[in-house]
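Before any comments, here is the structure.
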Amino acid sequence: MTAPVSKPDDPALLKVDGPIATITLNRPAAFNAIDLAFAQKLEQLATYIEGADDIRVVVLEGEGRAFCAGGDLQTIGAAAEAGTVTSVVGELLKHYHAFIEIIRRMPKISLSSVHGSAAGAGMGLAFVTDLCIAADDAKFTPAYAKIGVSPDGGSTVGIVGTVGSRRALQIFLAEDNFTAQQAYEWGLVAKTVPAAELKTATRKLAERLAQNPPASIAGTKQLVYQAATTPVKQQLDAEEHKIIMAMNTEAFRTAVKKFTSKGK
């Protein structure tokens, strides 16, 4: 599959550097708010990354002053006034949800790199990835209850499994916003760094993750996500299947030889 060519005015940009792909949210004037064209582009880029065997890690970052302001309320508000919100939002979410499903199932690690504000579906995007690194001055804003709606954009997918139901209810219904440090303490953020160091720290973490062989990444991700809902016997069988698959790779054989030769 040929890599999509990014144009400077695309709502999301793709850059591939070795085993690391970076998707840059690119609507800075709108604080990277998600509209239909944005959702369609994210789905297109994720589809390519999922099928690109050489890519092991995908980084999501935002251009401008914010990571992502969530759904584009200009578009959604106009649709609500016109009585077309069901079709307009339904079409937007069809593509955005497809993007999230790909991110969660792809046999690669996804890493969000958050600066500035992550609000509403933008907060959901930060935490629907496998891991999140954040600038220490980043702010997360649930936003939903304030405008009389329930969470969307994968917010409950990424947050509830990490913090549990009671903390999730607190976040969505009782928090106006919370800091990167709070997100770190709740297990939503893997690491916080000074804002000026975010890009460098993100790259360093992405490179560390990319050192893992593909079979290790794919097997670990699938096993971790299915563990909470899979019966014990079925999960043990899945562990057996995945580890034997990985042990039949050249990467495993090379690693074992290296490890066992250390003491000789």
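The values are calculated or read from the model by the stated rules, or taken from the named source; none is laboratory data. If you're wondering where the values come from, they're calculated on a predicted model, not measured in any experiment. Cβ: placed from backbone, ideal geometry, glycine included. Neighbour counts: every protein chain shown. These area figures cover heavy atoms from the full protein model, side chains too; ligands, DNA and RNA do not enter into them. Shrake-Rupley method; radii C 1.70, N 1.55, O 1.52, S 1.80 Å.
Points to keep in mind about this one:
- Within the stretch 73-111, if we keep just the residues that are among the hydroxyl-bearing types (S, T, Y), assigned to a helix (DSSP H, G or I) and out of contact with any strand residue (DSSP E or B) (no Cβ under 8 Å at 6 or more places or on another chain), the residue that is most open to solvent (accessible area, probe 1.4 Å) turns out to be T86.
- Within the stretch 77-130, the set of residues being closer than 22 Å to S216 by Cβ and in contact with a Phe, Trp or Tyr (Cβ under 8 Å, 6 or more places away or on another chain) comprises R104, S112.
- Residue count, the stretch 112-154 (criterion: surrounded by fewer than 21 Cβ atoms within 10 Å (Cβ to Cβ) and part of a helix (DSSP H, G or I)): 3
- Residues within the stretch 193-236 that are exposed (fewer than 15 other Cβ atoms within 10 Å of the Cβ), over 21 Å from A180 (Cα atoms) and among the β-branched types (V, I, T), tallied: 4
- Residue within the stretch 20-39 that is open to solvent by 40 Å² or more (accessible area, probe 1.4 Å), in contact (Cβ under 8 Å) with a residue 12 or more places away in the chain and of a type in the set (D, E) present: no
- Cβ pairs under 7 Å, 6+ apart, first in the stretch 244-263 and within 13 Å of A215 (Cβ to Cβ), second in a helix (DSSP H, G or I) and among the aromatic types (F, W, Y): A246/F252
- Residue satisfying all of: in the stretch 191-235; part of a helix (DSSP H, G or I) and of a type in the set (D, E, K, R); modelled with the lowest pLDDT among these: K233
- Test for A246: is it of a type in the set (G, A, S), touching a Pro at 6+ places or on another chain (Cβ under 9 Å) and in a helix (DSSP H, G or I): yes
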